Amino acid sequence: MKKFDKPIYVTRPFLPPLEEFTEGLKEIWGSHLLTNRGPILRRYEQRLSEFFDTPNVCLFNNGTLALQIALQAMGISGEVITTPFTFVATTHALYWNKIRPVFVDIEPDYYTLDPEAVEAAITPWTTAILAVHVYGHPCKLDALAEIARRHNLRLIYDAAHAFGVTVDGKSICHFGDMSLFSFHATKLYHSIEGGMLSFQDAGLKITLDYLKNFGFKNETEVVMPGTNAKMNEFQALMGILVLRHLDGLIERARKIDAVYRKRLKEVPGIKFPPTQPNNVAYNYAYEPVEIIEEEFGMSRDALYQKLKEFNVHSRRYFYPLLCDYACYQGLSVKDPLIVSRRVAERILTLPIYDDLKIAEVEMICDIIQQIHNDLG
Ligand code: T4K
């Protein structure tokens, strides 16, 4: 069996044509404005506001700080119900705000928070739900909204993976009180590093702007102890340029996903999430599959290692569960997290990115098929 002669990583950032970026750099060289709410950032914020169809957007230098600041601006405290099946930043943002994360289970299809588990975990100290549209899969939006309404909780979505996803023709950002998007280089859509908040309460904009800029109101007044979480002009330039290519990025990712699904559906022990319902326009940001050891004949970890021999570097997003990291092991977790534990043991995210050729996807599928066949 052939192996790749170059490493195939789980992702590889899309880069716009170099001339587009150098053309933009001329503006920066002309203005000498590199950061602190320069003209490109202001244009970028306007574009995103049109893209998301809301004036309530705010840009940050990364998604993690954006989420930390969101929680602070909203005055969230006490306990927040969240998922253990996500990237560490989701929970770290709670920790940095001295909020206690309460981990509850996920549902087995799309791996988002299980609304029943959320409701069962509410206590008098619960102030909010922090749910994750993991892999860009929309959460159970109606059920979570209903629970939040009945219990008077704030509903915050970590939509780090969900750029470009719409539900019933509306951007995913219109659900819940606040949504966080990450524009990190590893994302389908990126601005090198970057983050964005969108929110329903227009009054939050001024607080978010203060918090990301040291709390400065003007040269001599600091109205709150803010931090430095500003996006710079180079990031904004990349963000504007990549946005122009978004439709093509999603379309090509859709084609890659279709090949994986077609080719791997015949291999025993490989389970894909169901395709999204018709009212969801999905972004194909990740390619998660579950490896069912009893059927495939090899564990997820063994396959993950074996693929490396062929120069295929898949990832185990998101393993281990967050509650199993040393820094969160001290938290008591009441929910047995049955689905989360099973999925974290089985999940493998396969390479998907813009310049991954269809022939390369076919070859990854051949390799997986062959590994299975060789098991006898
Ligand atoms: N919430 C959720 C649900 C998130 O997933 C994330 C971030 C956040 C919040 C926080 O947002 P940010 O603060 O990051 O904006 C990566 C990313 O660093 C992280 O942004 C992302 N989630 C997470 C899921 O994945 P790593 O440690 O796995 O990345 P790394 O450096 O191992 O990159 C993966 C592969 O991508 C590499 O093997 C090669 C390729 N790569 C990576 C970079 C950075 C490139 O080809 N070029 C590059 O520039 O965390």
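Report yes if Tyr189 is modelled with pLDDT of 95 or more, among the aromatic types (Phe, Trp, Tyr) and more than 17 Å from Tyr44 (Cα to Cα), otherwise no. Answer is no for this residue. Restricting the search to strands (runs of 3 or more DSSP E) fully inside segment 10-124 and requiring at least 1 residues that are modelled with pLDDT of 95 or more, of a type in the set (D, E, K, R) and touching a helix residue (DSSP H, G or I) at 6+ places or on another chain (Cβ under 9 Å) gives 100-103. The residues of segment 304-330 that are in contact (Cβ under 8 Å) with a residue 40 or more places away in the chain, under 19 Å from Pro84 (Cα atoms) and in a loop (DSSP other than H, G, I, E, B), listed by number, are Tyr317, Phe318, Leu321, Tyr325.
Here is a yes/no grid of residues against (1) closer than 21 Å to Asp201 by Cα; (2) in contact (Cβ under 8 Å) with a residue 60 or more places away in the chain; (3) away from the ligand (no atom under 16 Å from the Cβ):
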| residue | (1), (2), (3) |
| --- | --- |
| Met1 | no, yes, yes |
| Leu15 | no, no, no |
| Glu23 | no, no, yes |
| Lys26 | no, no, yes |
| Trp29 | no, no, yes |
| Leu48 | yes, yes, no |
| Phe51 | yes, yes, yes |
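One residue alone among Pro84, Pro39 is over 20 Å from the mean Cα position of the chain (by Cα) and touching a residue at least 12 places away in the same chain (Cβ under 8 Å), and that residue is Pro39. Contact annotation: residue pairs with Cβ atoms under 6 Å, 6 or more positions apart or on different chains, pairing a residue in segment 101-113 that is within 11 Å of Val80 (Cβ to Cβ) with a partner that is of a type in the set (Ser, Thr, Tyr), are Pro101/Thr82; Pro101/Thr91. Restricting Asp355, Asp335, Asp301, Asp366 to those that are part of a loop (DSSP other than H, G, I, E, B), away from the ligand (no atom under 16 Å from the Cβ) and either within 29 Å of Leu246 (Cα to Cα) or of a type outside the set (Val, Ile, Thr) (or both) reduces the list to Asp335. The test for being under 30 Å from Glu345 (Cβ atoms) and buried (at least 21 other Cβ atoms within 10 Å of the Cβ) does not hold for Thr126.
Taken together, Ser179, Ser171, Ser198 contain a single residue that is closer than 26 Å to Tyr353 by Cβ, surrounded by fewer than 22 Cβ atoms within 10 Å (Cβ to Cβ), at pLDDT 95 or above and touching a Phe, Trp or Tyr at 6+ places or on another chain (Cβ under 7 Å), which is Ser171.
Going through (1) in a loop (DSSP other than H, G, I, E, B); (2) within 15 Å of the ligand (Cβ to nearest atom); (3) among the aliphatic types (A, V, I, L, M); (4) under 30 Å from Arg100 (Cβ atoms) one by one, Ala344 falls short only on (1).
For the residues Val102, Val80, the requirement of being among the hydrophobic types (A, V, I, L, M, F, W, C), more than 16 Å from the ligand (Cβ to nearest atom) and buried (at least 24 other Cβ atoms within 10 Å of the Cβ) singles out Val102. The number of residues in segment 156-191 being within 16 Å of the ligand (Cβ to nearest atom) and either in contact with a Gly (Cβ under 9 Å, 6 or more places away or on another chain) or charged (D, E, K, R) (or both) comes to 21. There is no residue in segment 35-45 that is within 12 Å of the ligand (Cβ to nearest atom) and surrounded by fewer than 18 Cβ atoms within 10 Å (Cβ to Cβ).
The values are calculated or read from the model by the stated rules, or taken from the named source; none is laboratory data. None of the values given here were measured: they were computed from a predicted structure. Neighbour counts are summed over all protein chains in view; Cβ atoms, including those assigned to glycine, are modelled from backbone coordinates with ideal geometry.
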